[in-house]
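Please treat every number below as a calculation from the coordinates, not as lab data. What you see is a predicted model, and the numbers here were worked out from it, not measured in a lab. Cβ sites come from the backbone with ideal geometry, for glycine too, and all protein chains shown count toward neighbours.
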Amino acid sequence: MPSTSSSSYRPSRPAPAQSTASGTNDAGGTSSMFRAPTFIRTIFDKFPLYSYPVDPSPINSLDKTPSEQPHDDLFSKNTLYVFSLPGDAQNCSPSFNPACLKWQIYMKIRGVDFRIQSSSNHASPTGSLPFLIVEPARSSVVSGRQLAQTVPASKLAQWIEDNAAGSVNQVSSDSPDYRAFSSLVDRNIRDAWLYAMYVDNTNLNNITVPKYTNSTPLWPVNYLLGLQMRQAALDSLGVNGVGSKVNGEMLYMRANEAWAALSALLGDNKWFFSARDAGLFDASVFAYTHLILTLGLERSGEDLVNGLQQYSNLIDHEQRIRNKWCT
Amino acid sequence: MELHVWSRAFGLPSLDPECLAAIAFLSTAVPQDLWVLVESNNTNLSPNGALPALKDGSRWIGGFDSIVSYLSSRSSGRSDLDRNLSEIQKAEAVAYRSFIRQTCLPIISLSLYITSRNWVQVTRPLYSTFIRFPIQYEIPHTHHARAVSATSHLTSLIRDLAAEEHSSSIEPISAAIAGITTTSTTSSSSKETEKITTRVKLRNFVADFVDPIREKLNRKNYFFGGTSPTTVDCLLVGYLSLLVYPDLPSPWAKEIIQQEFADVILYVENLKSALFAERSITYAEADAADKLTLGSWIGGGVESIPEKWGWADAIPLRESDRTQQSSSFWVLLQGMLGIAAAAGGVLAYKTLVGGDVEVQVEEKIGEVATAGVNELVDEESVESMDRLPIFRAEDMLNLSM
């Protein structure tokens, strides 16, 4: 319990002065059996070196008024935790992880008010990003004990559906075509993306590792994390390969096939599935096209970029979303 | 042309969905006298390491998609089943091919390989009927491992399935000894509800794949309507028939589709009788070089050592990189073996020779002592003692013999 730990910690703040006094008393009186050498006692007298201010416990902080809470009116009450560089998180610029970017853009498309927070997998209750933490409305904080609600990625679509006021989702995500083309994005394009970003050593070392290990830029740590990410990507590609040998060119070829199919699906429409406004599918395609076009992939990644650039309507689609929701 | 596939099973021409799809494709796209079906079971033949593989003269093409595009370009479009489709339909074909593979493969893996009663009683023994002795233990194992990785995201469903299977078996011995009978009504009813929830979960899992397909089919004979099957039909009949036709001790997949998706069964039935008819498939024996023998199997295993040991990339950029990396592995291995052999040889020789040198020196000293000092210790003999001891040692051996 955070509350008990904080309350027990509180009296320890004036500890240094007290402990020196009591330490000498004890040594002279009761514990004559064991007496630490003076120099050790002088060292330990210096502790604690620094006492952090007591954290407010998150649940029972009802004594505090809402205005004392760390975020003020400048920030909205919803926080989306994504992979992002700390500087980028301030101005809400796009995440470099497609799964995060998809939801980030979709929430913007649907007009949900939120801010983003740079984070890592370890922060997430499900072990994967993104996730959303919804602070309860202020009135309910005052009136009763309402917890912040955590929405994992799998439930985000439903949450947005319930909470996005004034916008409607026009494309049913249950239609056969929607699911077929989604699997095209999740398989063909994701595989090529994984190969370009994680398996290709140039991009892994120049783009992926610096971005994902931003918070731990120590040499052996980020190197090992890079190796782990690469192995995870290889495993994931192996499962999709179903026992057959795959190579990078094959993956890029499949991605090109997928770009062609998506381009044909989009046609001359503004949004996918001839919707009147952008939807989740547009967001998931944008998440890949935007990153592929802007991250500056090198070496074998150029094949992926060049493959995409043949389809001008997909490029236009990316630009349309970027200009409207990603300024 | 020869189409190399996994052997027939369950009343179908092959036990692998991709092989079935390739058979379906060839039996509609290529006249019967131009191709034969070979049950070689030899994955080493295929350039991508998996069956189906097409042998056209000396060329090998591996994988359903490659076979389809190869045959279409080879026949300048006559074998292209998708030639009458519109642009958007072609895009849909690409998407549905990906969708079928992504959603149906886990269902087949779960039904045939992971559901333990089906695996132990049907699928596992099946492999022994067409693969001979030492290899019949390895191949089903790798296929099972592949199924495990294909269903790794379904842990809770697998647990429920396993629990259901165990609940129908005998009571644990400890309970029997203690005289505890767990046949009370409450526990059996809770088992019933457990069974029902498992069934509902399985139903949703199967419906994730079959429901969109049924909606898209909408009682048509072929996926895109028309009068002839397309590549999507070939792939669908390959995957669906492995759900519908096998007779399994735990037939949940079949039951669910029969109960709820009867029109899909009708569709598969029509396609199966048209595409997998015995008379429309000519079987042939594999060439001696293409047969799966112990030698070729071991050869294939040895070839993959550099990848298994983490020397070569499991997924290189180009296929040529793979051969390059593995050959560099073998060169390095040979080099290291050579160096080790040379070092060992030198070491062995040194130890042999070293012993003799000591003997030689001792005896020399003895000689020097017994004979007069001035006669023997002249310039020459001192020089010869300083020379490499090897020759001296041999001399000594000869002398002592």
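Brief remarks on what is shown
- Take each residue in B:189-198, count the other chain C-beta atoms within 10 Å of its C-beta, and the mean is 0.
- Size descriptors for segment B:21-73 (Cα atoms only): Rg and Dmax, in that order, 10.4, 27 Å.
- Take A:254-260, B:249-255 and order them by the average number of nearby Cβ atoms within 10 Å per residue, most first; the result is A:254-260, B:249-255.
- The mean count of C-beta atoms from other chains within 10 Å of the C-beta of residues in A:246-255, rounded to a whole number, is 5.
- The fewest-to-most ranking of A:318, B:319, B:278, A:161 by surrounding Cβ atoms within 10 Å reads B:278, A:161, B:319, A:318.
- Listed values for segment B:296-306 are Karplus-derived 3J(HN,Hα) couplings in whole Hz (6.51 cos²θ - 1.76 cosθ + 1.60, θ = phi - 60°), namely 5, 5, 5, x, x, x, 5, 4, 8, 4, x, and x replaces Gly and Pro.
- Cα-based convex hull volume of segment B:72-167 per residue, rounded to whole Å³: 155 Å³
- Restricted to Cα atoms, segment B:256-300 shows a radius of gyration and a Dmax of 18.7, 48 angstrom.
- The 3J(HN,Hα) values that the Karplus relation (6.51, -1.76, 1.60; θ = phi - 60°) gives for segment A:226-237 are, in residue order, x, 4, 4, 5, 5, 5, 4, 5, 4, 4, 5, 5 Hz. Gly and Pro appear as x.
- Using the Karplus relation 6.51 cos²θ - 1.76 cosθ + 1.60 with θ = phi - 60°, the per-residue 3J(HN,Hα) values for segment B:27-34 come to 6, 9, 8, 10, x, 4, 7, 9 Hz, with x marking Gly and Pro.
- In segment B:112-154, one over the average inverse separation of all distinct C-alpha pairs is 10.7 Å, which is the Kirkwood hydrodynamic radius.
- Relative to its residue count, segment A:195-312 spans a Cα convex hull of 121 Å³ per residue.
- Neighbouring Cβ atoms from other chains, within 10 Å of the Cβ of residues in B:313-323, number 6 on average.
- Near residue A:120, no amide H atom lies under 5 Å from its own; only residues 5 or more places off or on other chains count, and H is placed 1.01 Å from N.
- For the peptides A:304-312, A:43-51, the ranking by packing is A:304-312, A:43-51, with the highest mean count of neighbouring Cβ atoms within 10 Å listed first.
- Per-peptide packing, taken as the mean over residues of other Cβ atoms within 10 Å, places B:335-348, B:33-46 in the sequence B:33-46, B:335-348 from highest down.
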